[in-house]
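Student: The structure under discussion is supplied below as structure tokens; questions concerning it will follow.
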Amino acid sequence: MNWLHVNSFYLLLLNAVFYVTCLEVRSTSILDNFMDNFEDLIENNGASSDAYTKFSLRKPSVPEDDICYVVPGNPGSLKECNFNSTSKTFLVIHGWTVSGLFESWVGKLVSALYERERNANVIVVDWLYTAQNHYPVAAQNTKMVGEEIAHFIDWLKEVTNVPLENLHLIGYSLGAHVAGFAGSHASNKVGRITGLDPAGPDFEGEHAHRRLSPDDAHFVDVLHTFSQGFLGLSIGIQQPVGHVDIYPNGGSFQPGCSQHDTLEKISKFGLLAVTDTPRCSHERSVHLFIDSLLNERQASTAYRCRNTDMFDRGMCLRCGRDQCNNVGYDISKVRKARSVVMYTKTRASMPFRAYHYQLKVHFSTRLDSSATDPLLTVDLMGTKGVVENLQLTLKKKITTNKTHSFLLVAEKDIGDLLMVKFKWEESTSWSASSMLKMVSSWWSGDSVDSEVAVHKIRIRVGETQKKMVFCIEHRHALSLQNEVTFVKCKDEWKKTSKRLNLGNH
């Protein structure tokens with residue numbers, strides 16, 4: 001089973017089962033065994049008249065425990081919990097839950113918020129009683145829970161005169177939409193709402209007042225980490241819903257989240273394992289935000305781009321006005337009439353920051369590869385280190401007098417770039433000699449019309465915005481090796497035609 005089939009099968013299975021968990025009417029035949037595992041959750045199969053929302057002001061010393069609750073209507077509870085009306089206040093809002101318990105990320109986020117803002121008030125909004133309902137019921141109740149939070153915010157403002165600009169709501173999954181409803185129903189706008197992979201089912205395509213939207217706070221920023229859709233369903237919402245919407249790794253499956261492991265869990269534990277399968281990519285949004293709090297000096301950079309295809313070809317690494325931004329807590333507040341859509345690449349683990357390079361190569365000669373592409377890899381050597389074997393994929397045809405753009409992503413900071421090395425390897429349909437002959441002609445110009453195919457490469461570094469030109473180091477040695485080295489040359493970066501080849505590379 002190839003990757004495409006595995007990917008399609010995974011998404012089909014995941015989304016089909018997700019639809020099953022979204023059914024309001026229990027089946028009496030085929031689904032009996034599956035739904036029996038959720039009997040205790042479906043007993044409350046209706047919108048509750050009381051959301052039982054609680055507000056736990058957690059302490060830096062015990063970020064995972066609920067020790068003190070702020071009770072709306074009871075000003076004394078604010079003093080008992082040591083609420084500081086002059087400091088920033090964060091409301092952390094969880095999402096849908098099957099277990100009825102807080103997930104482990106809640107305590108980690110609380111701890112990270114206190115690490116950055118030591119005098120802050122970090123309040124965990126507990127709506128577990130409603131969130132553990134069958135998904136459609138929990139989704140339906142997000143508005144009611146949001147209204148309760150809005151009443152809490154209004155009461156807090158009235159009693160403490162806390163500046164609402166200092167109020168920051170952070171919601172994950174369904175909790176992101178809860179935050180949106182809270183912001184839209186509060187008497188005055190709160191400062192900021194951060195949506196961490198807002199839930200897609202029941203919210204995708206809905207009007208702004210039925211989901212998280214830019215109207216809900218002075219600034220709304222969103223991280224999309226699991227918006228890979230199939231059969232019209234996506235776990236995380238696909239559409240932009242904030243002032244700034246960032247799609248790490250295209251917003252779909254995240255690095256380090258193995259689809260193979262997902263299928264293996266399902267084979268071992270059955271459909272009950274499906275409740276855990278989207279967690280890695282879906283919850284990655286939370287960990288990216290935690291990373292931005294803990295690793296302030298290694299903040300990931302996001303780049304404004306028309307779509308993920310253009311970004312994946314390195315065509316959006318310019319940092320002009322509002323073209324770049326930080327990912328997570330330190331994002332710059334950009335408010336435009338339309339959502340600003342941005343992309344970035346990340347590592348598989350914390351710290352998540354990766355380094356982006358655009359390679360611009362101008363081919364002067366028409367070169368046709370066969371149906372199977374040669375395997376080209378690139379090594380980047382800088383003042384702080386080396387990254388090796390970054391794959392560069394060339395498709396079937398390199399056309400005449402076109403500048404082709406490629407994106408390379410390094411997982412570590414190598415400092416100022418000094419040297420670029422291209423290497424090619426033998427594949428099933430390419431002998432070493434035929435590949436050497438073809439690729440060498442690209443750099444040396446040994447083509448039919450004797451024109452130089454490639455003699456310079458232009459590179460833009462996203463994180464530093466440096467632009468450099470690299471020239472072949474030893475052109476005459478090309479016929480003796482399966483690699484070619486480019487070093488910095490004195491030529492200045494020249495602006496090439498805006499009409500870059502838009503084919504897939």
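The values are calculated or read from the model by the stated rules, or taken from the named source; none is laboratory data. Everything numeric here is computed off the predicted structure, so don't read it as measured data. All Cβ positions, glycine included, derive from the backbone under ideal geometry; neighbour counts span all protein chains shown.
Student: Go through (1) small (Gly, Ala, Ser); (2) under 21 Å from the mean Cα position of the chain (by Cα); (3) farther than 14 Å from residue 92 by Cβ for residue 173 and report which single condition fails.
Tutor: (3)
Student: Taking residue 250, is it among the small types (Gly, Ala, Ser), in a helix (DSSP H, G or I) and under 30 Å from residue 312 (Cα atoms)?
Tutor: Against the criterion (among the small types (Gly, Ala, Ser), in a helix (DSSP H, G or I) and under 30 Å from residue 312 (Cα atoms)), residue 250 qualifies.
Student: Do you know which residues across the range 325-352 are of a type outside the set (Ser, Thr, Tyr), under 25 Å from residue 217 (Cβ atoms) and more than 12 Å from the chain's Cα centre (by Cα)?
Tutor: Hits for the range 325-352 are 325, 326, 330, 331, 333, 334, 335, 336, 337, 338, 340.
Student: Quick one: what pairs do we get from the range 312-335, first residue in contact (Cβ under 8 Å) with a residue 12 or more places away in the chain and aromatic (Phe, Trp, Tyr), second surrounded by fewer than 21 Cβ atoms within 10 Å (Cβ to Cβ) and not in a loop (DSSP other than H, G, I, E, B), C-beta under 6 Å, 6+ apart or different chains?
Tutor: Pairs found: 329/293.
Residues are listed down the side, and each one gets a yes or a no for (1) farther than 26 Å from residue 226 by Cα; (2) of a type outside the set (Val, Ile, Thr); (3) in a strand (DSSP E or B); (4) at pLDDT 90 or above:
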position: 292; (1), (2), (3), (4): no, yes, no, yes
position: 302; (1), (2), (3), (4): no, yes, yes, yes
position: 310; (1), (2), (3), (4): no, yes, no, yes
position: 322; (1), (2), (3), (4): no, yes, no, no
position: 328; (1), (2), (3), (4): no, yes, no, yes
position: 336; (1), (2), (3), (4): no, yes, no, no
position: 342; (1), (2), (3), (4): no, yes, yes, yes
position: 371; (1), (2), (3), (4): yes, yes, no, no
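Student: If we only count helices (runs of 4 or more DSSP H) wholly inside the range 97-198, which ones have 3 or more residues that are without any contact (Cβ under 8 Å) to a residue 60 or more places away in the chain and of a type outside the set (A, V, I, L, M)?
Tutor: Output list reads 104-116, 142-160, 174-185.
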